[in-house]
Amino acid sequence: MPRSRTETSGTCRPIVDATMAASLDWRMQAACRAKEPELFFPTSTSGPALRQVEAAKAVCHQCPVCAQCLDWAIGSGIDDGVWGGMTETERRSLARSRKHV
Ligand code: SF4
């Protein structure tokens, strides 16, 4: 799971508190932990930024906790960046389809 923009800033609080941390142990296995967070936050999902989106997705597709990450991102309403191998638009579409099942 990429660190969110607020987590990467030295002046902002982490987005998770201690009580949430226990349920986020899967984050320790995240393939993106060794990557630059910016890779997962392209400035758009079209044009030249598509290469960045695809590079981020390639990391996700090799990640052992991709499913957990995707579920967490959808459940948490994360609306920015690539999480669980999907862009925000793709996650919104998946969330909508899950509601209709
Ligand atoms: S699925 Fe992608 S964003 Fe989520 S933890 Fe794995 S590498 Fe990180």
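The values are calculated or read from the model by the stated rules, or taken from the named source; none is laboratory data. Only a predicted model underlies this, so the values are computations on that prediction, with no experimental measurement involved. When we count neighbours, we look across all protein chains shown, and the Cβ atoms used for this are built from the backbone with ideal geometry, even at glycine. For the accessible areas, the whole protein counts, side chains as well, though only heavy atoms, and no ligand, DNA or RNA atoms are used. Shrake-Rupley method; radii C 1.70, N 1.55, O 1.52, S 1.80 Å.
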_Subset of region 79-101 (residues that are of a type outside the set (Val, Ile, Thr) and outside any helix (DSSP H, G or I))_ = Asp79, Asp80, Gly81, Trp83, Gly84, Gly85, Met86, His100
*Residue by residue through region 24-45, note down the ones that are among the acidic types (Asp, Glu), over 16 Å from Thr87 (Cβ atoms) and either at pLDDT 95 or above or within 7 Å of the ligand (Cβ to nearest atom) (or both).*
Glu36
*Only residues that are at pLDDT 60 or above and closer than 18 Å to Val82 by Cα: list them for region 1-23, please.*
Met1, Pro2, Arg3
*Among the residues of region 87-98, is any within 9 Å of the chain's Cα centre (by Cα) and either open to solvent by less than 20 Å² (accessible area, probe 1.4 Å) or touching a residue at least 60 places away in the same chain (Cβ under 8 Å) (or both)?*
yes
*Considering each residue of region 46-78, count those that are within 24 Å of Asp25 (Cβ to Cβ), away from the ligand (no atom under 12 Å from the Cβ) and either in contact (Cβ under 8 Å) with a residue 60 or more places away in the chain or assigned to a loop (DSSP other than H, G, I, E, B) (or both), and give that number.*
1
